[in-house]
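Down below is the structure, laid out as structure tokens.
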Amino acid sequence: MTLTTNLNLFDQFLVPKLLGMSLLIPAMLLTTVLIYNPQDRWLSNPLTTLQSWLIAKATKQIMTPVNKPGHKWSLMLISLLTMLILNNLLGLLPYTFTPTTQLSMNMALALPLWLATVLIGLRNNPTSSLAHLLPEGTPTPLIPILILIETISLLIRPIALAVRLTANLTAGHLLMHLISTAALSLMTTSTLLAGLTLIILTLLMLLEIAVAMIQAYVFTLLLSLYLQENV
Amino acid sequence: MLSRLALRAAPGVLRNLSPSLSAGALCAARSFHGGQPCLAPLPPLPERGGAVRHGFIPEEFFQFLYPKTGVTGPYMLGTGLTLYLVSKEIYVFNNETVSAVVFLSLVIYAVKRFGPDVAAFAEKINEEKLAKVSTIKNDSIKALETAIQQEKKEQERVAVRSYIFDAKRNNVAMLLEINYRERMLMVYNEVKKRLDYQVAMQHLKRRKEQDHMIGWVERNVVQSITPQQHKESIAKCILDLKALSKAAQATV
């Protein structure tokens, strides 16, 4: 509840503190509470069955294009996907802190994983990974410029990954904050406009739920794509 | 996580205690909230989860308050608490409240609309697993039943085996009998042919003798007819003819 007052719009993204201790790590680990452990049973209760089915579907979807040596990454990528989806969706609840709105956390996820894919590619088959810097069928005069551009695009990937996730979620939360503030203040002046604003807020909520899941999926999918290129 | 590691390692350590202590220690060492009371075979899963009212309040809470406050107790508690928090501005209505209301209505609508379908889907996954294994079980049961029936048929066949031998024996005897009778017939025919030949020879001989005798007798008789007898017989014949012609003329 409101133990703090928001002086500006970005105070909602501050890491919550309890008795002076930062609650960042419990916030990140909250999602582990919601995941069921696989049970020592053959048939489990419906929730566990659904969770296993969803994870199996997601694994098949993401890891099928990756070749066999890349399947070593499946645990990492699927647990990343699950954590991101749950973090993003839980952040839509009121008064919850979303760790993935912090650029620091997203950079901490994106940079090491991207760097791992690049290093694996350079180590195992360097010619093939360097060949990705030059798309097929480029006209000869363009080659030097294109290599520069491709190198820059390669180096900007981790920043793009992190900033994409951060920006999407932060923008969504900000918009929700703004529109709900507008609805609240309009309720006293004009109820009809408040109703319209609430309709907009409902649509935005639906969008946010979709964006939360899509952004998590895109993050993982792009990492699997980088893995495909390099492994 | 480290506590989980310790909990996993506990049974192994506790088993190594002396037998009098290990049984009790194993049963006493359990994780908080949710581990089995004993490391015995797992109990079966309950069919349905805990009963819940309004989606998130366990039924046990209502039962807990029922003796003291009756049926409306928990609702009074909820309403009173909410009104107290709101009116004393312990909970301030701000933008998050609006956002919470909208989000919760969306969630409740989604659960009411898609809940039964999702539950049915989850049940279907489990049922498909069960059905797959049941098909294997039923197929093997059917195969075994067919095998039993065929075995019984074979046993019946073996029981009537002696009849087949009797029938075969009868057939063979009949064939032998037929063969014997054919040969008997052949023998009879051959013997008859031989005897007929002998009979025909005898007849022929007798006829030849007869013919020869008749010829001899005729020759002798013709030789013995003298001319005088020849004239006398012709005169007699003429007299007889005349008499006969007279008799014939008379009748006409």
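For the stretch B:92-145, a crude dipole built from +1 on the beta carbon of Lys and Arg and -1 on the beta carbon of Asp and Glu, taken about the Cα centre, is about 60 debye to the nearest 20.
For a paramagnetic label modelled on A:M76 (point 7 Å from Cα along Cα→Cβ), amide N atoms under 11 Å away belong, within the stretch A:39-70, to A:70. As a proxy for reagent exposure, A:I209, A:I159 were ordered by neighbouring Cβ count within 10 angstrom, fewest first; the result is A:I159, A:I209. Placing unit charges on the Cβ atoms only, positive for Lys and Arg and negative for Asp and Glu, gives the stretch A:18-228 a dipole magnitude near 400 debye about its Cα centre. If you take the Cα centroid of the stretch B:117-150 and the Cα centroid of the stretch A:53-88, the two points sit 31 Å apart.
Listed by chain and number, the aspartates and glutamates placed with their C-alpha closer than 19 angstrom to that of B:K129 are A:D40, B:E47, B:D117, B:D139; residues fewer than eight positions away on the same chain are left out.
For chain A, the longest principal axis of the Cα atoms and the long axis of helix A:74-90 meet at an angle of about 20 degrees.
Taking the alpha-carbon distance from B:K193 and a cut-off under 24 Å, which lysines remain once sequence neighbours fewer than 8 residues away in the same chain are dropped? Within the straight-line cut-off, B:K193 pairs with B:K205, B:K208. Estimated purely from DSSP H runs of n ≥ 4, each contributing -39500 (n - 2.57), the mean residue ellipticity at 222 nm for chain A is -24000 deg cm²/dmol once divided by its residues.
The long axis of helix A:191-230 is offset from the longest Cα principal axis of chain A by roughly 20 degrees. Among the residues of B:118-128, the average count of other protein chain beta-carbon atoms within 10 Å of the residue beta-carbon is 3. For the protein assembly as shown, the residue among A:G137, A:V163, A:T49 whose Cα projects farthest onto the positive side of the dipole built from Cβ charges is A:T49.
Listed by chain and number, the lysines whose C-alpha is less than 16 Å from the C-alpha of B:K153, apart from same-chain residues fewer than 8 away, amount to an empty set. Here the protein assembly as shown is treated with +1 on each Lys and Arg Cβ and -1 on each Asp and Glu Cβ, and its dipole about the Cα centre works out to around 2820 debye.
Read-outs throughout are calculated quantities, based only on the coordinates presented, and are distinct from any laboratory measurement. Given the structure is predicted, the values throughout are model-derived calculations rather than measurements. Note that we place each Cβ from the backbone using ideal geometry, even for glycine, and neighbour counts take in every protein chain shown.
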